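Asks: Got a structure here, written out as structure tokens. Questions coming.
The values are calculated or read from the model by the stated rules, or taken from the named source; none is laboratory data. From a predicted model like this one, the values you see are computed outputs, not experimental measurements. A quick note on method: Cβ atoms are made from the backbone with ideal geometry, for glycine too, and the neighbour counts reach across all protein chains shown. Just the protein is used for accessible areas: all its heavy atoms, side chains included, with ligands, DNA and RNA removed. Shrake-Rupley method; radii C 1.70, N 1.55, O 1.52, S 1.80 Å.
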Amino acid sequence: MIIKIGFDIEFKLLGPTPMVVMLYVHPSRRADLRTEENLVVTPNVPVTKFTDFYGNLCGRLVGPASNIRFTLDASIEDHGEPDRKQCPKAVQQKIEDLPDEALGYLLASRYCEVDKLSDIAWNLFGNTAPGWPRVQAICDWVNQHITFGYQYADQNKSAFDVYGDGKGVCRDFNHLAVTFCRAMNIPARYVTGYLGDIGVPAAPYPGDFSAWFEVYLGDRWHAFDARHNCPRIGRILIAAGRDAADVAMTTNFGRAILKKFVIVTDEMRNGIAA
């Protein structure tokens, strides 16, 4: 399957503004790109690429005191199959047996307050079977108890806040699931990327980047999604980190007003987006 990906994002900058952008496909998926991933910045300013602490591909630039626009149009190959289904052999490792790089994903972070939700997590999920069944139980609970709505979006909302008010967007669902997993000693990381309406009814709202999460079970990371809580087709990873603070689409070191935000993720058939 070939998927058309891209975006048209515009900001108004009130002064010369250093920016870090995380708008490139993750290094683990770059071999799947079928056309060049060419980020176009208008006005034309130089962008320097670098890899962050978590292995994400980023760019840095200084935007002028004017409108600045980021556009991209690319295509990527995907296996076209739904997310991996149940993996009963994906066991939960003892903490002492985890690889060093997974340990940091057991700790509290800006939006995932493990300390505040630890007792709640053990009360809710302490009697579930460790490993895959426990993570699925967490996804089921979050999906059933949190109400989705873009009107509930709040960039300052944490997992503890979401648990308290029971409302949020996809990042909130997955922040809460990540926090519960970490509280149950399962390494979990927050991820963001493209996820179009492929194989499902089209959502009644504009396209957006999507959030989900990954847990370390067995000897690798597995994708879960507390918001949709069902296998989906065409997840294209952009970035992974401890929470949304680590994988922000843009980080602006100065005032920036969002003027336009269009995301494209469509299956291509005979060279045309379906």
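Asks: In the structure shown, do any of LYS12/LYS116; LYS157/LYS259; LYS4/LYS259; LYS49/LYS157; LYS49/LYS89 have a Cα-Cα gap over 27 Å, and if so which?
Replies: Values: LYS12/LYS116 38 Å; LYS157/LYS259 23 Å; LYS4/LYS259 23 Å; LYS49/LYS157 30 Å; LYS49/LYS89 39 Å.
In this structure, LYS12/LYS116; LYS49/LYS157; LYS49/LYS89 exceed 27 Å between Cα atoms.
Asks: Something else: I'd like the distance separating the alpha-carbon centroids of segment 17-56 and segment 147-224, in whole Å.
Replies: Rounded to whole Å, the Cα centres lie 23 Å apart.
Asks: Okay, moving on. Using a basic spin-label model with each label point 7 Å from the Cα along Cα→Cβ, how many nm lie between ASN156 and HIS79?
Replies: If labels sit at ASN156 and HIS79, their model points lie 4.3 nm apart.
Asks: Expressed in nm to one decimal, what extension gain is obtained for the pair HIS145 and CYS87 from 0.36 nm per residue of sequence separation less their Cα-Cα distance? Walk me through the intermediate numbers first.
Replies: On the way: separation 58, 0.36 × 58 = 20.88 nm, distance 2.48 nm.
Difference between extended and current length: 18.4 nm.
Asks: Enter the angle in degrees (range 0 to 90, nearest 10) between the Cα long axis of helix 170-183 and the first principal axis of the Cα atoms of the chain, meaning the one along which they spread out most.
Replies: 40
Asks: Defining a contact as two alpha carbons under 8 Å apart and six or more residues distant in sequence, what relative contact order in percent does the chain show? Kindly include the intermediate steps, with their values, before the conclusion.
Replies: Details: 593 pairs, mean separation 82.6, N = 274.
Worked out over the chain, it gives 30 percent.
Asks: Moving to a separate point now. When we measure straight from the Cα of LYS167, which aspartates and glutamates land under 20 angstrom away, once same-chain ones fewer than 8 places off are left out?
Replies: GLU113, ASP140, ASP154, ASP208, ASP225, ASP243
Asks: Does segment 161-239 come out rounded, prolate or oblate, given a ≥ b ≥ c as the square roots of the eigenvalues of its C-alpha gyration tensor, rounded meaning a/c under 1.5 and, failing that, prolate meaning a/b above b/c? Show your work: numbers first, answer last.
Replies: Details: a/c = 2.21, a/b = 1.27, b/c = 1.74.
Cα axes put segment 161-239 in the oblate bin.
Asks: With the full set of protein chains in place, find how many percent of the accessible area of the chain is carbon and sulfur; take the probe as 1.4 Å. Walk me through the numbers on the way to the answer.
Replies: Values: 6720 of 13140 Å².
C and S fraction of accessible area: 51 percent.
Asks: How much length is gained if the chain between LYS12 and ASP119 is pulled fully straight, taking 0.36 nm per residue apart and subtracting their Cα-Cα distance, in nm to one decimal?
Replies: Values: separation 107, 0.36 × 107 = 38.52 nm, distance 4.41 nm.
Between LYS12 and ASP119, full extension yields 34.1 nm more.
Asks: Then there's this: In debye, nearest 20, what is the charge dipole magnitude of the chain about its Cα centre with +1 on Lys and Arg Cβ and -1 on Asp and Glu Cβ, if you could check? Could you put the intermediate results ahead of the total?
Replies: Working: 29 positive and 32 negative charges, 77 e Å.
Its charge dipole is roughly 360 debye.
Asks: Whole number in Å², please: accessible area per residue of segment 200-274, 1.4 Å probe, ligands, DNA and RNA not counted.
Replies: Values: 3600 Å² over 75 residues.
Per residue, segment 200-274 has 48 Å² of solvent-accessible surface.
Asks: Counting only the heavy atoms of the protein chains, how much of ILE95 is accessible to a 1.4 Å probe, in Å² to the nearest 10?
Replies: That residue has around 70 Å² of solvent-accessible surface.
Asks: Would you mind working out the magnitude of the charge dipole of segment 143-227 relative to its Cα centre, with +1 at each Lys and Arg C-beta and -1 at each Asp and Glu C-beta, to the nearest 20 Debye? Working shown, then result.
Replies: Details: 7 positive and 9 negative charges, 31 e Å.
Result for segment 143-227 is approximately 140 debye, rounded to the nearest 20.
Asks: Nearest 0.05, what FRET efficiency do LYS259 and MET1 give at R0 = 30 Å with Cβ-Cβ as r? Don't skip to the end; give the middle numbers.
Replies: Numbers: r = 33 Å, r/R0 = 1.09.
It comes out at approximately 0.35.
Asks: Set Lys and Arg Cβ to +1 and Asp and Glu Cβ to -1, take the dipole of the chain about its Cα centre, and tell me which of ALA245, PHE125, VAL264 lies farthest positive.
Replies: Most positive-ward Cα: VAL264.
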